[in-house]
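Read the structure below first, then the notes.
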Amino acid sequence: MRSSVAGVWERSVRSTHAAEAGTAMVGLYSAEPLSRSYFHRLTYDEVWHHYDGDPLRLVLLRPDGSSEDRILGTASDGFLPQTVIPAGTWQAGELVDGGDWALFGCTVAPGFTPACFEAATVGPLLAAYPEWANDIVR
């Protein structure tokens, strides 16, 4: 197990061919200290899982120009307990306004490597998705 950021723990499993077979991580968004993920995309599908706490918000900006908010939370409260983010989709996550904390996990297969990750650059993302300017700049 290795820590990649404060509040996020990640574990990768290698196949017999030394490639990353899969990656599972657990994270915690909190209001104090404020935490969120910045816009990024992966070359693989990613499954997000909500485990406990307040709902969390995922902003998805798709390659075809469409976009949406997805709210993950407790299924008994009417929220999605998990969701799949398709490969190539820009994504960012944070607590829903007013939330204190959310415990979540993400699963990627094949496993996460630096080569499958791309961090967004503000200018091009703003040009492609101007209606999401508040989220992109934040």
Separation of the GLU68 and ARG36 label points, Cα + 7 Å toward Cβ, nm: 2.1
- request: Decide, for segment 95-138, between rounded, prolate and oblate: order the square roots of the alpha carbon gyration tensor eigenvalues as a ≥ b ≥ c, take rounded if a/c falls under 1.5, and otherwise choose prolate if a/b is larger than b/c, else oblate.
  value: oblate
- line: Using a 1.4 Å probe on heavy atoms of the protein chains only, the accessible area for ASP69 in Å², nearest 10, reads 70
task: Work out from phi, with θ = phi - 60° and the Karplus expression 6.51 cos²θ - 1.76 cosθ + 1.60, the ³J(HN,Hα) of each residue of segment 80-92, listed in order in whole Hz, and give x for Gly and Pro.
output: 6, x, 7, 7, 9, 9, x, 3, x, 8, 5, 9, 8
- request: At 7 Å along the Cα-to-beta-carbon direction for both VAL47 and GLU118, put a label point, then send me their distance in nm to one decimal.
  value: 2.5
task: List, in order, the whole-Hz ³J(HN,Hα) value for each residue of segment 107-114 obtained from phi through the Karplus relation with A = 6.51, B = -1.76, C = 1.60 and θ = phi - 60°; use x for Gly and Pro.
output: 10, 10, 9, x, x, 5, 9, x
statement: Whole-Hz Karplus couplings 3J(HN,Hα) for segment 26-39, θ = phi - 60° and coefficients 6.51, -1.76, 1.60, Gly and Pro as x, run 10, x, 9, 8, 9, 7, 9, x, 4, 9, 6, 9, 7, 5
statement: Taking alpha-carbon centroids only, segment 20-57 lies from segment 61-78 a number of Å equal to 13
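Percent of accessible area on segment 39-98 owned by carbon and sulfur, 1.4 Å probe?
Details: 1350 of 2750 Å².
C and S fraction of accessible area: 49 percent.
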- prompt: What is the set of long-range amide H partners of ASP54 at a cut-off below 5 Å, with H atoms built 1.01 Å from backbone N?
  reply: ASP100, TRP101, ALA102, LEU103
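The values are calculated or read from the model by the stated rules, or taken from the named source; none is laboratory data. Everything numeric in this text was worked out from a predicted model, so none of it was measured. Cβ sites come from the backbone with ideal geometry, for glycine too, and all protein chains shown count toward neighbours. When the accessible area is computed, the model is the full protein with side chains, heavy atoms only, and any ligands, DNA or RNA have been set aside. Shrake-Rupley method; radii C 1.70, N 1.55, O 1.52, S 1.80 Å.
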